[in-house]
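Derivation of every value follows stated rules applied to the coordinates shown; laboratory data play no part. On a predicted model such as this, the values are computed, not experimentally measured, just so you know. FYI the Cβ positions are ideal-geometry reconstructions off the backbone, even for glycines, and counts take in every protein chain you see.
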2 protein chains.
Amino acid sequence: AAADVEAGKARAAVCAACHGKDGIAQIPGYPNLAGQNEQYLVSALNAYKNKQRSGGQATIMQSQATGLSDEEIANLAAFYASLPAGGSN
Amino acid sequence: AAADVEAGKARAAVCAACHGKDGIAQIPGYPNLAGQNEQYLVSALNAYKNKQRSGGQATIMQSQATGLSDEEIANLAAFYASLPAGGSN
């Protein structure tokens, strides 16, 4: 099934606290996600889910990603990839 | 010492094959780095260097980061953070 940007946007509500509503991080040290490569975002979320990333703030993302299905990961990646790099300005 | 964008640019020559001369990835599945948060880039490079990231293409980045000094990491992060998000167009 093709990824669903709108479903990803809805699922991303919890992500916005750190990564910004427009995918531009609100906190220094956290990555911007706006316009990031979709495949990379899928790969990164799976790496957190599978506890293949540690160090830095990775434990936060391990917790966030652990409950995500493949479909949710695909939708989130499609949503962030669809946002304009650099933010909405 | 403040990070040196020009030194980072010079050191980044080898990174461009995958991440693009302007920080926009040339290969699907690799992250764009242009305009990424500087602190996040430092954190990510250290995580690869310390083998705290695996899965996906992480072994490539482990190899690349293993020889980087703290200063080189700081310079590379400053360089990529300085590039316009979304590329040079």
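When the Karplus curve 6.51 cos²θ - 1.76 cosθ + 1.60 is applied with θ = phi - 60°, which whole-Hz ³J(HN,Hα) does each residue of the stretch A:35-51 get, with x for Gly and Pro?
With the stated coefficients, the stretch A:35-51 comes to x, 5, 4, 4, 4, 5, 4, 4, 4, 5, 4, 5, 5, 5, 4, 8, 6 Hz.
What does the average come to when, for each residue of peptide A:24-31, you count the partner chain Cβ atoms lying within 10 Å of its Cβ? Don't jump to the answer; show the numbers that get you there.
Details: counts 3, 4, 0, 3, 4, 7, 4, 9.
Mean partner shielding for this stretch: 4.
Would you please state the base-10 log of I(q)/I(0) at q = 0.15, 0.17, 0.19 1/Å for chain B, with intensities from the Debye formula using one equal scatterer on every alpha carbon?
These q points yield log10 I(q)/I(0) values of -0.49, -0.64, -0.81.
Based on the Cβ-Cβ distance from A:ALA13 to A:THR66, what FRET efficiency comes out when R0 is 22 Å, to the nearest 0.05?
0.80
Counting every Cα pair in the stretch B:44-89, what percent are over 13 Å apart? List each step's numbers first, then the result.
Working: 602 of 1035 pairs.
Within the stretch B:44-89, distances greater than 13 Å cover 58 percent of Cα pairs.
Using θ = phi - 60° and the Karplus relation 6.51 cos²θ - 1.76 cosθ + 1.60, list the HN-Hα couplings for the stretch A:56-65 in order, rounded to whole Hz, with x at every Gly or Pro.
Calculated HN-Hα couplings, in order: x, 9, 5, 5, 4, 6, 4, 5, 5, 7 Hz.
Could you give me the ³J(HN,Hα) list for the stretch A:71-78, computed from phi with Karplus coefficients 6.51, -1.76, 1.60 and θ = phi - 60°, whole Hz, x at Gly and Pro?
Listing the rounded values in order: 5, 5, 4, 4, 5, 4, 4, 5 Hz.
List the distances, in nm to one decimal, from the label point of B:SER88 to the label points of the same position in every other copy, shortest first, placing each label point 7 Å from Cα along the Cα-to-Cβ direction.
In ascending order, 3.1 nm.
What does the net charge come to around B:ALA58 if you take all other residues with beta carbon closer than 12 Å to its beta carbon, with K and R at +1 and D and E at -1? Walk me through the intermediate numbers first.
On the way: positive: A:ARG53, B:LYS49, B:LYS51, B:ARG53; negative: none.
Result for the local shell: +4.
Just how far, in whole angstrom, is the stretch A:54-87 from the stretch B:14-89 if you go by their alpha carbon centroids?
Result: 18 Å between the Cα centres.
Please work out the FRET efficiency for the pair A:SER82 and B:GLN57, using the Cβ-Cβ distance as r and a Förster radius of 22 Å; give the result to the nearest 0.05.
E between A:SER82 and B:GLN57, to the nearest 0.05, is 0.45.
From zero up to wherever the largest Cα-Cα distance of the protein assembly as shown sits, split into 10 Å bins and tell me the percent of pairs in each.
Spelled out per bin, shortest first, that is 11, 40, 38, 11, 1, 0.
By a straight-distance test (C-alpha under 19 Å), which aspartates and glutamates pair with A:LYS51 as possible cross-link partners, with residues fewer than eight away in the same chain excluded?
A:ASP70, A:GLU71, A:GLU72
Placing the label point 7 Å from Cα along the Cα-to-Cβ direction, what are the distances from B:ASP22 to the equivalent spots in the other copies, shortest first, in nm to one decimal?
2.0
One decimal, nm, shortest first: give the distances between the label point of A:ILE60 and those of the same position in the other copies, each label point 7 Å from Cα along Cα→Cβ.
Distances to the matching label points in the other copies: 2.8 nm.
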